[in-house]
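*Asks:* Got a structure for you, questions after.
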Amino acid sequence: MVATPGEIDAVEVAVPAIDVDSRERGGDSVMESKKKSRKERKREKKERRFAEKQRIEEALDPAIEFAEPSEEHNEQLKQKLLQDFREWVKLQPHFVNCRTDDSFLLRFLRTRKYCLQSAQDTLDRYLTVRTHYPIFFKNPDLSDKGLRDILSRGYLFPLMEKDPEGRTIVFGLAGALDTSRHKPNDIYRAFSLTFEALLEDEVNQRKGFTYILDESGFRLHHLAHVNLRDVQRVMISGEKGYPMRHKSIHWVNVPRYISALTDFVLSFFSPKLQKRMFVHTDVNSLHKEFDPKILPLEFGGSVPWKIMCGSEQKFNGNRRHRVALLTATETWLEELERRCPLIMSMDEMGVDEKLRPKESKCRLGGGSGGWGFMKLWTSLTRVLVISASPETCPDAARAVTSLRNA
């Protein structure tokens, strides 16, 4: 289209008018922008810092629902994040013998939704907890009689079936603990060995875990058998420092005299994770969450937990044989034996606090997720005294004495 002379004149006249108007407003606009930036610079900076801090905290929170990120389906981007993560690990002067293989680093990236900074913070905290509390992690050797015995008795093992969302169900029997046979570090190592072995599975890294903990065999002297101060610190620090996603925790068959300790136990966890904990006084309410068929006979299933643990054998006429179905604990012990050499090699991992940069200080214990120890001690002692007199209940007396000496 060809412009007419009138249109050309109109354009020629309009352009200078626009330029003049913009020049007249330009000075005021720049001054207003400068005044605004001077006045609001600090506020905007604080808002950005707060938003970034909130984003990191949400990524660190294990209770937030996990949505598999698109990065999982982008192999090129995933490899780029892995490479950046690996290079960052090598540059940390205070890291000691940290694993840098894909499986190990991916558990942190997946747990933190592929936020590299959050994964780095979690790894730092993870190594710090391992260094400061070696009794929970060192020497998870299945040749140790105490450790092998507590695991073979079904103290902690994954069920063969998954929960409705495809997550691994970690099953625990408090009654499997025998304080005359098992030392405190047998308990600690049973947990760390189980968790480390489970985390070698990529499906577990992505989907997370569900827990069913049977407390019917729990006794007050079990509390006196462990150092509650260390347990509190490790659980509070490890909640955001262990690369695991906790979907739900179900406490089953909780004795009435122990139900008063609910607040004490919940105090170890963050408020959001507390909402994912459920107390069942019997198995009927548990069946609303899980298909009874996947549970032991005592919980509505078909196979007794003793057979699952391999502590009993089934007879068929004159022929003695194991149950055709490979039991859960036997299968798990075989898996642990296969994973054990790799997990034991992680004993050398940790941090050297003397070499830690000042800007990367990692604090352990405390935090908003738990009570102060004195408040915790006072609450638990009151419950024990009310529940059973030390004169009439040796278990209560031992538990109170343990707390006083902690």
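Only the coordinates and a few stated rules stand behind these numbers; no lab work does. Keep in mind the model is a prediction, meaning the values are calculated, not measured. We place every Cβ from the backbone using ideal geometry, glycine too, and count neighbours over all the protein chains shown.
*Asks:* Ordered by packing density, taken as the mean number of other Cβ atoms within 10 Å over each peptide's residues, highest first, how do 86-92, 273-279, 127-133 rank? Display every interim value, and only then the final one.
*Replies:* Working: 86-92: 13.6, 273-279: 15.9, 127-133: 20.6.
Highest-to-lowest ranking by the protection proxy: 127-133, 273-279, 86-92.
*Asks:* Ordered by packing density, taken as the mean number of other Cβ atoms within 10 Å over each peptide's residues, highest first, how do 171-179, 227-235 rank?
*Replies:* Numbers: 171-179: 20.4, 227-235: 18.7.
So the order, starting with the most tightly packed, is 171-179, 227-235.
*Asks:* Additional query: Ranked highest first by the average count of other Cβ atoms within 10 Å around their residues, in what order do 135-147, 185-197 fall?
*Replies:* Details: 135-147: 16.9, 185-197: 21.2.
Put in order of decreasing packing, that is 185-197, 135-147.
*Asks:* Follow-up question, since we're still on this one. As a quick test, which of the pairs K138/K183; K207/K272; K90/K354; K45/K80; K78/K207 have an alpha carbon distance above 23 angstrom in this structure?
*Replies:* As for pairs spanning more than 23 Å Cα to Cα, those are K45/K80.
*Asks:* May I ask you to evaluate 6.51 cos²θ - 1.76 cosθ + 1.60, the Karplus curve with θ = phi - 60°, for each residue of the range 127-139 and list the ³J(HN,Hα) values in order in whole Hz, giving x for glycine and proline?
*Replies:* Along the range 127-139, the couplings run 5, 5, 4, 4, 6, 7, 10, x, 4, 7, 10, 6, 6 Hz.
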